[in-house]
Amino acid sequence: TRSLNRALSRLRATGWFGSGDPRTDPKGGVYDRHEAGEDPNTRDITLEVRENPENNEGRTGNIRFAAGYNSAFGLVGMFELQQRNFDLADLPKSFEDLLGGTGLAGGGQQLRIRVSPSANRQSFMVEFKEPFVFGHEFGMGVRGYTSATSRESWDESRLGGSFFVDKVIDAFRFEVAYTGYEIKIRDI
């Protein structure tokens, strides 16, 4: 019962289901039904989830913009695209599929792309993660980045990547990663 309640809470916490209003939808779009199993000591549990396309909180993708000032790099900008329900295998069949959100969506994978330009530094990062590898409760992903920085006395470029495996246990996420990178210093 404790594991079932924890799983239901996790589903509700994704924000993908329900109306987002606990007064009208106290179950958050995730409903469970218990029925007697074949064995008198077991119960069959049926889960029903209801997506609400009108619910902005249930949207799985977002775009973020940010700007600021840093004493080391000057004026800094950031553009990030994140899709938490990405599907690498669902290629769009038309431009409308891509704009309408039906292409490259629905597989539960995660994609994040970040571009951060500034006066003295440019960086780019992309990350892809499969949260349930082959149906098992562990995730696997890759992350790559590049950056170029102009400092007062030298220029620096970095190119790197990571392969990682992670596991969520209750409120904690454990990650093991293999990371490699190359740093080049020039114009000293």
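Could the peptides 109-119, 136-146 be put in order, highest first, of the mean number of other beta-carbon atoms found within 10 Å of their residues? Intermediate values should be presented prior to the final figure.
Numbers: 109-119: 16.9, 136-146: 15.2.
Highest-to-lowest ranking by the protection proxy: 109-119, 136-146.
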- [ ] Quick one: work out Rg over Rh on the C-alpha atoms of the range 63-146, Rh as Kirkwood radius.
- [x] 1.09
Open item on the list: If R₀ is 30 angstrom, what is the calculated FRET efficiency for the pair Arg33 and Ala13, using the beta carbon separation as r and rounding to 0.05?
Closed with: 0.90
Task: Estimated vicinal HN-Hα couplings, Hz - the range 141-154 in sequence order (Karplus 6.51, -1.76, 1.60; Gly, Pro = x) - done: x, 10, 9, x, 8, 9, 8, 10, 10, 9, 9, 5, 10, 6
Task: Heavy-atom accessible area per residue - the chain, 1.4 Å, Å² - done: 71 Å²
Task: Reference-scaled alpha-carbon Rg (2.2 N^0.38 Å with N residues) for the chain - done: 1.35
Task: Centre separation in Å (Cα based) which lies between the range 62-99 and the range 31-50 - done: 40 Å
TODO: Work through the residues other than Leu4 whose Cβ is under 15 Å from its Cβ and net out their charges, Lys, Arg +1 and Asp, Glu -1.
DONE: +1
Task: q = 0.14, 0.19 Å⁻¹: log10 I(q)/I(0) that the Debye formula gives for the range 132-188, counting C-alpha atoms only - done: -0.55, -0.72
- [ ] Mind pulling the angle between the C-alpha long axis of helix 2-13 and the longest principal axis of the chain? Nearest 10 degrees, somewhere in 0 to 90.
- [x] 50 degrees
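For the range 84-188, with all protein chains present and a 1.4 Å probe, just round the carbon and sulfur fraction of the accessible area to a whole percent. Working shown, then result.
On the way: 4270 of 7060 Å².
Result for the range 84-188: 60 percent of the exposed heavy-atom area is carbon or sulfur.
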Open item on the list: Between Phe132 and Asp44, what is the label-point separation in nm under the 7 Å Cα-to-beta-carbon projection?
Closed with: 2.0 nm
Task: Phe124-Ser162 FRET efficiency (beta carbon distance; Förster radius 22 Å; 0.05 resolution) - done: 0.90
- [ ] Mind listing the long-range amide H neighbours of Thr60? Cut-off is under 5 Å, sequence gap 5 or more, other chains count too, H placed in the peptide plane at 1.01 Å from N.
- [x] none
- [ ] Would you pull out the residues with amide H under 5 Å of Phe138's amide H, same chain only if 5 or more places away, H placed 1.01 Å from N?
- [x] Val133
Open item on the list: Under 5 Å between amide hydrogens, which residues at least 5 positions from Gly107 or on another chain qualify, with H placed 1.01 Å from N in the peptide plane?
Closed with: Phe86, Asp87
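The values are calculated or read from the model by the stated rules, or taken from the named source; none is laboratory data. Predicted model, so just to flag it, every value in this text is computed and none were measured. Every residue, glycine among them, receives a Cβ derived from its backbone with ideal geometry; neighbour counts consider all protein chains shown. Each accessible area value is taken on the protein alone, full model and side chains, heavy atoms only, with ligands, DNA and RNA left out. Shrake-Rupley method; radii C 1.70, N 1.55, O 1.52, S 1.80 Å.
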